[in-house]
Amino acid sequence: MGLMTGEIVEIVGEDFSDARLAREKWSRQHYTACSFRDADLSELNTEFVVFTECDFTGADLTDSHHHGSAFRSCMFARTTMWHSSFRSCSMLGSIFVECQMRPLVLEEVDFTLASMGGADLRGLDFTDCRFREANLVQADLRGAVLRSVNLSGARVEAIRLEGADLRGAHADPGLWTAAKLDKTQVELTQAVAYAAAHGLVVEPW
């Protein structure tokens with residue numbers, strides 16, 4: 001059901017399953033509880049579009065580009081997202097399961113409360129993104145760039161951070177004992193936090 005609210009189009013409860021919506025351009029639309037299961041959304045362009053509780057299971061988002069859009073409490077299961085870009089977007093509370101997300105461009109994306117447990121995120125650049133209270137249990141972030149990322153309150157048990165760049169990242173002390181770290185790049189204050197988390201007392205000489 002589509003409703004006009006000023007310049008904003010409200011679409012509620014529509015079923016776009018298996019639809020071919022490739023190369024479309026959407027702006028200032030609000031989709032609530034809509035299904036995009038197995039839809040072809042390749043090369044889709046969205047600008048200031050809001051998706052709330054929408055289902056993207058099996059959808060093809062290859063080469064899609066999104067600016068200022070929000071995906072709130074959405075389901076991404078077996079979704080293809082490679083070669084896509086998300087700039088100044090929100091993924092608040094969304095769930096990602098077995099998605100193809102590499103390569104991917106991410107600029108200032110908010111993953112607060114998102115669930116990305118076990119996700120393959122190797123080598124992605126998350127500079128300035130937010131993962132507050134996100135589920136990153138067993139996520140694979142080897143070689144990823146996490147500079148100035150906010151990981152406060154995130155669940156990070158068995159997260160893989162070998163070769164990742166964590167300089168400037170904000171993390172709880174538990175990260176230093178829960179994560180798999182090898183050749184991970186950190187700054188001095190983080191090195192001190194790592195030492196303290198492992199029971200060392202760092203004193204000036």
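Report the residue count in segment 108-123 for those that are open to solvent by 10 Å² or more (accessible area, probe 1.4 Å) and either closer than 17 Å to A179 by Cβ or in contact with a Pro (Cβ under 9 Å, 6 or more places away or on another chain) (or both). Final tally of qualifying residues: 6. Provide a single number: the residues in segment 37-57 that are at positive phi and either open to solvent by less than 30 Å² (accessible area, probe 1.4 Å) or of a type in the set (V, I, T) (or both). Number satisfying all stated conditions: 0.
Select from segment 171-185 the residues that are out of contact with any helix residue (DSSP H, G or I) (no Cβ under 7 Å at 6 or more places or on another chain) and either among the β-branched types (V, I, T) or exposed (fewer than 13 other Cβ atoms within 10 Å of the Cβ) (or both) and write down the one among them that is nearest to D128 (Cα to Cα). Only one residue tops the list, namely T184. Screening A139 with (1) of a type in the set (G, A, S); (2) open to solvent by 20 Å² or more (accessible area, probe 1.4 Å); (3) over 20 Å from F16 (Cβ atoms) gives one miss only, at (2).
Does L175 satisfy the condition of being farther than 23 Å from P103 by Cα and without any contact (Cβ under 8 Å) to a residue 12 or more places away in the chain? In short, no. Of the residues making up segment 65-104, those that are open to solvent by less than 10 Å² (accessible area, probe 1.4 Å), assigned to a loop (DSSP other than H, G, I, E, B) and among the small types (G, A, S) are S69, S94.
The values are calculated or read from the model by the stated rules, or taken from the named source; none is laboratory data. None of the values given here were measured: they were computed from a predicted structure. Because the Cβ atoms are built from the backbone with ideal geometry, glycine has one as well, and the counts that use them run over all protein chains shown. Heavy atoms of the whole protein, side chains included, go into the accessibility calculation; ligands, DNA and RNA do not. Shrake-Rupley method; radii C 1.70, N 1.55, O 1.52, S 1.80 Å.
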